Amino acid sequence: MTSTIRPKEFIDPDPPTFSFGWHALSLVLSYTFALFAVSLLSYAVMGPMAFFVFSAGLTAGLPTLGLSLTALFFFKDKVELNPERWCAAAPFAVALLCLPLDLIFANAPASVESVWYGRTFIAFIATALSANFYYRMFSDSLRRANHARLKEFLENEEEKEKEREEEDRKRYIQKLRSKAATDSQ
């Protein structure tokens, strides 16, 4: 006799809770790590000035980080449902925020080449790395939460199946009783 294997037995029973604090900490850690990674990547081109990018980026990126935390605060549920979309859109949103500032404060005449090889490009790359790190930290938690939802769905379906079986059994008993009552008459 073979035993049936139920899918919910393979699902993680302990999903994490998503709090704003966890998201904020993940976002700040991703931001800091991405700036450090950009500094290391740009060390070959800039030399020791690359670490100035890290320290200046920490300060200059605070308004963008604040906007990200504000958006996360208001749209936390939507970010949890579609983190891929939010993480894919973040670098472009930051580039669009940095582009006017770069054009306004640039000493040289503005051209696409000077902007994309300047601060806007560094902000785009740092944000892309930060969004990737954030998504990687969030994906395991997201997987566990999806497994919890699936487990809940399967348990609800199992309960509904038991209720249907009980109703079918009651109907069958009622049918037998009515048949026995008509046979006895």
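Quick note: the coordinates plus some simple rules give every number you see, no bench work behind them. Here the structure is a predicted model, which is why all the values come from computation and not from measurement. Positions of Cβ are generated from backbone atoms using ideal geometry, with glycine treated the same way; all protein chains shown enter the neighbour counts.
Taking other Cβ within 10 Å of each residue's Cβ, how do SER55, SER184 sort, fewest first?
SER184, SER55
Report the FRET efficiency, 1/(1 + (r/R0)^6), for LEU150 and LYS78, where r is their Cβ-Cβ distance and R0 is 22 Å, rounded to 0.05. Don't skip to the end; give the middle numbers.
Numbers: r = 20 Å, r/R0 = 0.93.
Efficiency at R0 = 22 Å is approximately 0.60.
Any lysines with Cα under 18 Å of the LYS160 Cα? List them, leaving off those in the same chain fewer than 8 positions away.
LYS8, LYS151, LYS170
State to the nearest 20 debye the size of the charge dipole of the range 18-146 about its Cα centre, where the only charges are +1 on K and R beta carbons and -1 on D and E beta carbons.
Around 240 debye, computed over the range 18-146.
Cut-off is 10 Å between beta-carbons; in what order do PHE75, PHE138, PHE121 appear when sorted fewest neighbours first?
Placing the least packed residue first, the sequence is PHE75, PHE121, PHE138.
What ranking do VAL28, VAL53, VAL79, VAL45 get, fewest neighbouring Cβ atoms within 10 angstrom at the top?
In order of increasing Cβ crowding within 10 Å: VAL45, VAL28, VAL79, VAL53.
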